[in-house]
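Presented below is the structure to which this report refers.
The values are calculated or read from the model by the stated rules, or taken from the named source; none is laboratory data. Bear in mind that the values here come from a model prediction, so they are computed numbers and not experimental data. Because the Cβ atoms are built from the backbone with ideal geometry, glycine has one as well, and the counts that use them run over all protein chains shown. To get the accessible areas, we keep the full protein, side chains included, count just its heavy atoms, and leave off ligands, DNA and RNA. Shrake-Rupley method; radii C 1.70, N 1.55, O 1.52, S 1.80 Å.
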Amino acid sequence: MKGDGFDLARFLSRPRRIVIKVGSRVLATRAEGLSRARIRALAAQVAGVRAKGHSVAIVSSGAIAAGIGAVRPSGSGRPVTIQIKQAAAAVGQSRLMWAYEQAFRKHGIHTAQILLTADDLGHRGRYLNARRTFETLLSSGILPIVNENDTVAVEEIRFGDNDTLAGLVAPLVGADLVVLLSDVEGLFTADPRRDSKASLIPFVPRVTADVERLAGGVRTSEGTGGMVSKVRTAKRVTSLGIPMAIVSGLKSGRLTEFLSGSGRGTLFLAEGRNLSRRKGWMAHTPRPRGSIRVDAGARKALVERGKSLLPSGVVGAEGHFLAGDLVSLVGPDGLAFARGLAGYRREEVDRIRGAKSGEVEKILGAKRPAEVVHRDNLVIIGESVNG
C-alpha cells in the first residue's frame, strides 16, 4: 500500500514490532460464541507475519463472549450486569487462552497471557514492570496476548475498550505499527451499511476534527469500541510517531494482504512526533494522579520556552499525589496543556505556591529542588490527549 509518500511494504521490509488488536466480533459469533476456526485463521496469519522477522503482541477481546454462555445461559432472562460480565470474563479468560494456545502451538509458537487495568499503566513502577515482562517475552520469541483484566476492572480503572488498550500497549512495547482487526474494512466516507456510495479511505495523513466527525457517522457493531474509539486511538498513537491501520478481521487473509502492501484497509500515517517511551507514557497514560494549576506566564514559559515549572507560577493543586506521581498542568482557561512528574506532594505544592524559588527551603524547613515539575520530566500535550 502506497500513498502520501508512505510505502507500507517498504516500511515492513525490515523487522518491526507490531501490535495487533483483535475485536470481539472478529473472534466470536452469536451462534457459537468463541470461534475456534477464526482463531486458527488468525494464528496462521500472525505466524506468517512472525516468519518475516516481525515481533507481534496481540491485544485480544473475547473473554466475556467466551464465558457468557456459562454464566448467563441462553433464555435465562438474567440481565447482563457488570457482575455478570466480570464472572463471564473469569470463565472465558482460560477458554480464550486455551484456544490461542492450541492454535499457535501448531505453528511452534508459545503464548503468554497479560492482564492489565488502567491503574497498572497509570502507576510508573507497574508500567516499567510490565514493559520488562513484555521485553523478556518478545526477546524469547513468545507471543504476548493482552486483555483488560475484566474480572477486577470497575469504572474507575477500566480502559473502556480494547482499541484504547492497544493504543496504550503500543508505546509500552515500543511498537512500530498498530493494526486494529475489525468487523469493518476501514474508515469510509459514510456508513457503508446505509450508503451504497460510501467508499473506503485508504490513507489518513492526519486525524483532524473532520475525520473525527466522519468516524461518528460510521457505525461498527464490534464490542464496546466502534469507529469513534478507533479514530481516537489513531490520534493518540500517530502523535507518538506510530502509524496505525484498520483492517477487516472477518475476511480471510486480509491481515496478510494488508501487511504485504496490497490489501484493503485504512492507514493512519504517523505525524512524526517521536516521543521517548517515558514521555509517551506521560502523555498518554489513562489517568494522572492530580493536577497543578498555573498562571498565564508559567504556561507561556513551559510551552514556548521549554522551561521548568517553578513555585512562583503555581496557582493551586487538586488531587492526592506524591512526589514522582504523574500530574496534569492546567492553564488559566481550565484546560490541561502538559503532563509531568511532580517534584513535590500535593500538600507541599499548596504551601509553596506563588513563592520565589529561594523561599522554598524556609517554607518547608528543608533544602528541596527549585522545580515543581522539571522540564526533563514534562511533556506538552495537544488536543489529541485532552480529547
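The table below gives the values:
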{"read-out": "Candidate set: the range 136-153, residues that are open to solvent by less than 60 Å² (accessible area, probe 1.4 Å) and not aliphatic (A, V, I, L, M); chosen: the one farthest from Gly48 (Cα to Cα)", "value": "Thr151"}
{"read-out": "Residue satisfying condition, being closer than 27 Å to Lys85 by Cα, modelled with pLDDT under 90 and of a type in the set (Gly, Ala, Ser), within set Gly261, Gly223, Gly280, Gly249", "value": "Gly223"}
{"read-out": "Those residues of the range 339-361 which are of a type in the set (Asp, Glu) and either within 34 Å of the chain's Cα centre (by Cα) or open to solvent by less than 80 Å² (accessible area, probe 1.4 Å) (or both), in sequence order", "value": "Glu347, Glu348, Asp350"}
{"read-out": "Residue identified as open to solvent by 10 Å² or more (accessible area, probe 1.4 Å) and within 30 Å of Phe203 (Cβ to Cβ) among Gly265, Gly241", "value": "Gly241"}
{"read-out": "Residue list for the range 285-302, restricted to those being in contact with a strand residue (DSSP E or B) (Cβ under 9 Å, 6 or more places away or on another chain) and either at pLDDT below 95 or part of a loop (DSSP other than H, G, I, E, B) (or both)", "value": "Thr285, Arg287, Pro288, Arg289, Gly290, Asp295"}
{"read-out": "Residue in the range 269-280 that is within 23 Å of the chain's Cα centre (by Cα) and open to solvent by less than 30 Å² (accessible area, probe 1.4 Å) present", "value": "yes"}
{"read-out": "The range 286-314 residues that are more than 15 Å from Arg346 (Cβ to Cβ), paired with ones that are of a type in the set (Asp, Glu) and not in a loop (DSSP other than H, G, I, E, B) (beta carbon under 9 Å, 6 or more apart)", "value": "Pro286/Asp119; Arg287/Asp119; Ser308/Asp376"}
{"read-out": "Qualifying positions in the range 14-46 - assigned to a helix (DSSP H, G or I) and open to solvent by 20 Å² or more (accessible area, probe 1.4 Å)", "value": "Ser24, Arg25, Arg36, Ala37, Arg38, Arg40, Ala41, Ala44, Gln45"}
{"read-out": "Unique match (being free of Cβ contacts under 8 Å to residues at least 40 places away in the same chain and in contact with an Asp or Glu (Cβ under 9 Å, 6 or more places away or on another chain)) among Thr111, Thr81", "value": "Thr111"}
{"read-out": "Which listed residue is closer than 22 Å to Glu257 by Cβ and either out of contact with any helix residue (DSSP H, G or I) (no Cβ under 7 Å at 6 or more places or on another chain) or at pLDDT 85 or above (or both), from Gly174, Gly186, Gly160, Gly167", "value": "Gly186"}
{"read-out": "Candidate set: the range 362-379, residues that are at pLDDT below 90 and either closer than 18 Å to Ala298 by Cβ or assigned to a helix (DSSP H, G or I) (or both); chosen: the one most open to solvent (accessible area, probe 1.4 Å)", "value": "Pro369"}
{"read-out": "Failed item in (1) of a type outside the set (Ser, Thr, Tyr); (2) crowded, with 16+ Cβ neighbours inside 10 Å; (3) at pLDDT below 95, with Leu180 passing the rest", "value": "(3)"}
{"read-out": "Yes/no for Glu318 being under 26 Å from the mean Cα position of the chain (by Cα) and among the acidic types (Asp, Glu)", "value": "yes"}
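A quick yes/no check of all residues on (1) in a strand (DSSP E or B); (2) at pLDDT below 85:
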position	(1), (2)
Gly75	no, yes
Ser94	no, no
Gly108	no, no
Asn129	no, no
Ile145	yes, no
Glu155	no, yes
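Let's see how each residue does on (1) in contact with a helix residue (DSSP H, G or I) (Cβ under 9 Å, 6 or more places away or on another chain); (2) within 30 Å of Leu12 (Cα to Cα); (3) of a type outside the set (Phe, Trp, Tyr):
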| site | (1), (2), (3) |
| --- | --- |
| Arg264 | yes, yes, yes |
| Phe268 | yes, yes, no |
| Arg278 | yes, yes, yes |
| Ser291 | no, no, yes |
| Gly306 | yes, no, yes |
| Val315 | yes, no, yes |
